[in-house]
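Below is one structure, written out as C-alpha cells; comments come after it.
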Amino acid sequence: MKKIYFVFDQIPSAQSGGLIGMYLNICEKLKYDYDINIVSIYNCDEDNLKLFKDYNIIITNKFNIDNRFFKVIQYLKNKQIKKVFKAIVSVIIFFLYIPICRYKMAKMFRDEKRIVVTSPAAGIFMSKKNKFILEIHTKYEYFWEGNFGSKLQIKLMTKPGLILFRSKADAKKALNKGYNADYIYNFAGNVIRPEYNFDQRKNNFLFMGRLDRNKNPLRLIKIFEKIKERGYSLHLDIYGSGELKKELEEYINTHNLEKIVFLKGFTTNKEIYNQYTALLSASINEGLPLTVLEAKRCGVPIVTFSWGDSTNEVVNNDVDGYIVDNDDEFIEKVILLTTEQKLLKEISINAENNYYNFSPDTFKDRYINYVENYISY
C-alpha cells in the first residue's frame, strides 16, 4: 500500500481545537487507501499519541517541549516559574534542532512524495530536498499579516510545493502573492440524527471550541447577559477547555449568570448539537471552522460575527445562518430563532441541506488528487 505522511511540529491534544479533529477525520477517510504515518517533530504527552494509536507514529526528537514558548511573558506575569523555565529551554531546543531535523527529513523522505505538513511551524523542520503540501487551517492574514511570531514561521519555513487553504478567499490571496496555492473545504464525520424536536431546542444555544482570546467566548457570555436584561430566559452552554476558563467562571459568578450560562467542559460527543437551536461564534480568526459543519450536519444553524472573507463561503446569510455586525444584531437573531418556530425550522433544514456541499466523499476525491498530483502543478 502507498504511504502518506502527516507532519506535526508536535501532536496536539484533543482539546486543542478543530485541527486535530480534522486530521483524525482525514486519516479515517484515507486509511483504506494509504499506509498512514504520523510524524511528530517533538515528543508529546501520551494521551496525544493515543489519538493516532491506529497508525504508525514517528517521533524525531525525544524532548517534549512547550511549543507555545512565545507565551513566556504571560507565564512571568502569572508567576508560573516552572512554565517560564520550560519555555526558555524549549525555545533553545526548538531552534537548535532545526538544521539537525532538516537533515533527518531529507533522509527519511528521500523516496517519498506523499507528505502533508500540518502547519508552518512544522514546515520549519522540512528539508529543501522534500516536496510537500503545507496546509493552513486559519485565515491567510493570521500568518502573513499577523503578529511577529506568526510571520516569523512563514519566513523560516521551507518552501512547500503547494499550500492548501480551507477557503477559496484565502487561496486567492496567496496566489496573488505568488504562492502555488489552492483550497479544500473541511468536512465533518457521521452522526446519528434524531427527529428534530423544536420545542426541546428552542431556548438552548451552544458554543463549541477552545476557551481562548481568538474564540472570544466572553463576548458571547456578555451578549447573553444583555438578553437576560431584556427579560428572555435563554441558555448558553459552553463546551471546551483552555486558558480563559477561570476568567469565564469569575465573570459568570460575579454577574449572577449561573442559571443561564454553563461551562460544560471539553467533549468529543458530536451528537451534542442535536440539543440546541443554534451554534454561536464570536471568533476573530478562522479558516473554515469544523464546528460550523458539525452543526450543519445536525440541522443546526449558526449565528456569528464575520471572522474574515471565508465566512460567506460556509454561512449563507439569512438562509442557513446569520452573519452579524454588532452585539445588538446578534441578540436580535438569537431572539428571532427562539420566537419564530416556522423560521427556525426553515433555516435548520437549509443548514442540513447545505452540509452536503461539504461532503466527506468529495473531500476525499479532491484530497487524493492533490496528494498524488501536486508536484506537477
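Structure above, values below:
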{"quantity": "Flag for SER241 being among the small types (Gly, Ala, Ser), in contact with a strand residue (DSSP E or B) (Cβ under 7 Å, 6 or more places away or on another chain) and either farther than 30 Å from ASP365 by Cβ or in a loop (DSSP other than H, G, I, E, B) (or both)", "calculated": "yes"}
{"quantity": "Condition met for SER119 (farther than 26 Å from CYS27 by Cβ, of a type outside the set (Lys, Arg), buried (at least 18 other Cβ atoms within 10 Å of the Cβ) and not assigned by TED's automatic domain parsing to the domain that holds PRO289)", "calculated": "no"}
{"quantity": "Among (1) assigned to a helix (DSSP H, G or I); (2) under 23 Å from ASN316 (Cα atoms); (3) touching a strand residue (DSSP E or B) at 6+ places or on another chain (Cβ under 6 Å); (4) among the β-branched types (Val, Ile, Thr), the one test that ILE223 misses", "calculated": "(3)"}
{"quantity": "Residue match in region 93-103 (condition: in contact (Cβ under 8 Å) with a residue 12 or more places away in the chain, part of a loop (DSSP other than H, G, I, E, B) and surrounded by fewer than 21 Cβ atoms within 10 Å (Cβ to Cβ))", "calculated": "no"}
{"quantity": "Verdict on ARG297 being surrounded by 19 or more Cβ atoms within 10 Å (Cβ to Cβ) and within 18 Å of the chain's Cα centre (by Cα)", "calculated": "yes"}
{"quantity": "Test: residue in region 57-72 that is modelled with pLDDT of 90 or more, of a type in the set (Val, Ile, Thr) and part of a loop (DSSP other than H, G, I, E, B)", "calculated": "yes"}
{"quantity": "TYR97 farther than 25 Å from ASN369 by Cβ, of a type in the set (Ser, Thr, Tyr) and out of contact with any helix residue (DSSP H, G or I) (no Cβ under 7 Å at 6 or more places or on another chain)", "calculated": "yes"}
{"quantity": "Set ILE323, ILE335: member being outside the structural domain of TYR140 (by TED's automatic domain parsing), without any contact (Cβ under 8 Å) to a residue 60 or more places away in the chain, surrounded by fewer than 23 Cβ atoms within 10 Å (Cβ to Cβ) and touching a Phe, Trp or Tyr at 6+ places or on another chain (Cβ under 8 Å)", "calculated": "ILE323"}
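Residue-wise test of (1) out of contact with any helix residue (DSSP H, G or I) (no Cβ under 9 Å at 6 or more places or on another chain); (2) among the hydroxyl-bearing types (Ser, Thr, Tyr).
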| site | (1), (2) |
| --- | --- |
| LEU293 | no, no |
| GLY299 | no, no |
| TRP307 | yes, no |
| GLU313 | no, no |
| PHE330 | no, no |
| THR339 | yes, yes |
| LYS342 | yes, no |
| PHE358 | no, no |
| ASN373 | yes, no |
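Here is a yes/no grid of residues against (1) crowded, with 17+ Cβ neighbours inside 10 Å; (2) on the phi < 0 side of the Ramachandran plot; (3) within 21 Å of the chain's Cα centre (by Cα):
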{"position": "PHE8", "(1), (2), (3)": "yes, yes, yes"}
{"position": "LYS31", "(1), (2), (3)": "no, yes, no"}
{"position": "LYS50", "(1), (2), (3)": "no, yes, yes"}
{"position": "PHE63", "(1), (2), (3)": "no, yes, no"}
{"position": "PHE70", "(1), (2), (3)": "no, yes, yes"}
{"position": "LYS79", "(1), (2), (3)": "no, no, no"}
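The values are calculated or read from the model by the stated rules, or taken from the named source; none is laboratory data. Not measured: the values here are computed from a predicted model. Virtual Cβ from ideal backbone geometry, glycine too; neighbours counted across all protein chains shown.
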